[in-house]
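Notes for the one structure printed next.
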Amino acid sequence: MEKKYVLSIDAGTTSSRAILFNKNAEVVEIAQYEFNQFFPKEGWVEHDPVEIWNTQIKAIKDVINNSKIDPNEIDSIGITNQRETTIIWNKETGKPVYNAIVWQDRRTANFCDELIDKNMGSLIQQKTGLVIDAYFSGTKIKWILENNNDLIELVRDNKLLFGTVDTWLIWKLTNGKYHITDPSNASRTMLYNIKEDKWDEDLLKLINIPEKILPNVVDSSSVSANLDKEILGVEIPISGIAGDQQAALFGQLCINKGDIKNTYGTGCFCMMNTGESFVMSKNKMLSTIAWRINGKLTYALEGSVFVAGALIQWLRDKLGIIKSSPEVEELAKTVGDNGGLTFVPALSGLAAPYWDPYVQGTIFGITRGTENGHIARAALESIALRTRDIVIEMEKDAGIKFTDLKVDGGASNNNLLMQIQANLLSTNVVRPKTTETTALGVAFLAGLATGFWNDISSIEKLWTQDMSFKPEKDFKTKVIIDLWQKRINRLLKLNE
Ligand code: ADP
């Protein structure tokens with residue numbers, strides 16, 4: 001039967017999604033199920049791995065039933081996932097030994113402080129490209145293993161497996177035959193040597209992780225496993241694996257050195273392709289593996305803003321000056337400029353490049369003339385300014401001046417925000433037609449491995465632009481940036 005589709009499995013932080021793409025990279029069908037978020041203690045965040053699996057398989061079956069396609073028409077499967085989230089299970093019973101510890105979970109912060117106190121920062125950065133943080137999987141694995149005495153015996157008897165969500169789902173999809181991940185996911189564990197492309201013995205010793213529980217690391221685009229026949233009645237190659245941000249980078253076709261994308265969701269995730277070179281950041285950006293194709297690694301620099309779309313939610317839910325997030329654009333357009341306001345969106349501290357968890361959100365410059373429109377405009381500017389902070393440091397680290405910023409995510413639909421971004425970066429901002437860049441990226445990785453798409457040039461044609469925003473000459477770029485820098489420095493000093 002003719003192969004007409006690639007199935008993307010998009011295992012996100014709040015929902016499990018399945019998306020069917022055709023050869024033109026168009027979405028044919030989507031199904032999505034949310035799952036529960038557990039917050040057992042302050043700073044702890046967990047998921048139930050069985051619920052992740054159940055919702056995921058339900059979404060997969062829904063897209064097939066609703067689109068009325070024959071599973072034989074599916075060429076291949078790609079999996080993209082929330083990164084870092086840690087699952088350990090018993091390979092004999094198939095049961096998780098603990099809930100999934102989610103990337104947001106801070107329970108291992110004290111152990112990370114110990115590593116920092118022992119001056120391990122530089123060693124870990126050189127090996128993994130990461131800044132020591134509870135965010136990554138390594139210390140979460142340690143926590144699970146050390147908080148249940150029964151596990152010592154199971155580790156000794158070779159009964160436990162660790163995986164990020166991609167690994168867990170592939171294990172389930174193959175009925176326990178494959179225990180694999182790809183380098184983009186492995187590089188977020190703080191256990192993977194991204195220069196040598198292998199689990200790092202020194203770090204495994206330092207964090208006390210037994211190597212035998214770790215998955216094999218396969219190419220991001222290769223036929224590495226097959227869907228078990230029992231699941232959909234047909235074997236389908238699983239041939240694409242990538243963490244969500246890396247998949248989005250690929251889906252945006254940021255495949256050459258210097259290509260950069262920014263995702264405007266709850267926060268912003270900015271990623272720049274740095275080609276074959278591992279660029280170690282001097283400005284507290286993360287270096288990471290973008291993907292491995294035909295055994296060849298591509299690296300990336302990554303920086304994130306914790307609060308972006310979430311700031312617009314705050315305007316909506318707490319300040320009540322808009323009823324829906326998109327309304328912020330109309331409100332901001334009721335004024336010609338920001339009225340002298342600078343909004344520092346430090347609602348959960350400031351991440352890269354400031355890394356100050358204590359600084360708080362602040363609006364500078366309020367006068368009797370300040371209107372809601374000014375606040376809305378300053379809020380949009382603040383998202384663009386935080387993105388600019390990151391992009392500038394990335395350019396310095398990589399020694400690359402990029403030409404276009406490709407954008408996606410919910411808030412990228414805001415034309416005014418995108419125009420402000422182009423103005424403040426003095427570069428073009430380009431938005432693609434498909435906003436499903438994460439799922440599309442891993443579909444591309446899967447379909448390239450099987451020959452569904454022949455080569456990169458055949459998928460390049462499929463990336464279509466929705467809008468391009470060019471810098472406007474009459475925008476007060478310098479005034480806004482100067483004021484931002486002056487005011488943010490003043491705020492950071494207040495906290496010293
Ligand atoms: P996530 O994947 O992080 O849940 P999404 O990509 O779905 O995020 O985007 C949702 C976020 O984008 C929300 O925080 C919302 O406030 C914001 N958002 C959505 N549409 C707009 C808009 N038109 N203007 C500004 N912000 C928006």
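Points to keep in mind about this one:
- Any hit, the stretch 331-342, residues being under 18 Å from Leu417 (Cβ atoms), surrounded by 15 or more Cβ atoms within 10 Å (Cβ to Cβ) and in contact with a strand residue (DSSP E or B) (Cβ under 8 Å, 6 or more places away or on another chain): yes
- Test result for Ile363, open to solvent by 40 Å² or more (accessible area, probe 1.4 Å) and under 16 Å from Gly251 (Cα atoms): no
Let's see how each residue does on (1) surrounded by fewer than 18 Cβ atoms within 10 Å (Cβ to Cβ); (2) among the hydrophobic types (A, V, I, L, M, F, W, C):
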| position | (1), (2) |
| --- | --- |
| Tyr135 | no, no |
| Arg156 | yes, no |
| Tyr178 | no, no |
| Ser187 | no, no |
| Ile194 | no, yes |
| Ile209 | no, yes |
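- Filtered residues of the stretch 12-70 (kept if outside any loop (DSSP other than H, G, I, E, B), among the β-branched types (Val, Ile, Thr) and loosely packed, with under 15 Cβ neighbours inside 10 Å): none
- Selection over the stretch 72-94 of residues that are touching a residue at least 24 places away in the same chain (Cβ under 8 Å) and either of a type in the set (Val, Ile, Thr) or open to solvent by 10 Å² or more (accessible area, probe 1.4 Å) (or both) gives a count of 15.
- Residue count for the stretch 208-240, restricted to those that are in contact with a Leu (Cβ under 7 Å, 6 or more places away or on another chain) and either assigned to a strand (DSSP E or B) or in contact (Cβ under 8 Å) with a residue 24 or more places away in the chain (or both): 10
- Matching residues, the stretch 251-303, being more than 16 Å from the ligand (Cβ to nearest atom) and without any contact (Cβ under 8 Å) to a residue 60 or more places away in the chain: Asn256, Asn273, Gly275, Glu276, Ser277, Lys296, Thr298, Ala300
- Candidate set from the stretch 422-438 (those that are in a helix (DSSP H, G or I) and within 12 Å of the ligand (Cβ to nearest atom)); member that is farthest from Glu472 (Cα to Cα): Thr438
- Among the conditions (1) without any contact (Cβ under 8 Å) to a residue 40 or more places away in the chain; (2) among the polar types (S, T, N, Q); (3) touching a Phe, Trp or Tyr at 6+ places or on another chain (Cβ under 9 Å), Ser412 misses just one, which is (1).
The values are calculated or read from the model by the stated rules, or taken from the named source; none is laboratory data. All values derive from a computational prediction rather than experimental measurement. When we count neighbours, we look across all protein chains shown, and the Cβ atoms used for this are built from the backbone with ideal geometry, even at glycine. What goes into the accessible areas is simple: the full protein's heavy atoms, side chains included, and nothing from ligands, DNA or RNA. Shrake-Rupley method; radii C 1.70, N 1.55, O 1.52, S 1.80 Å.
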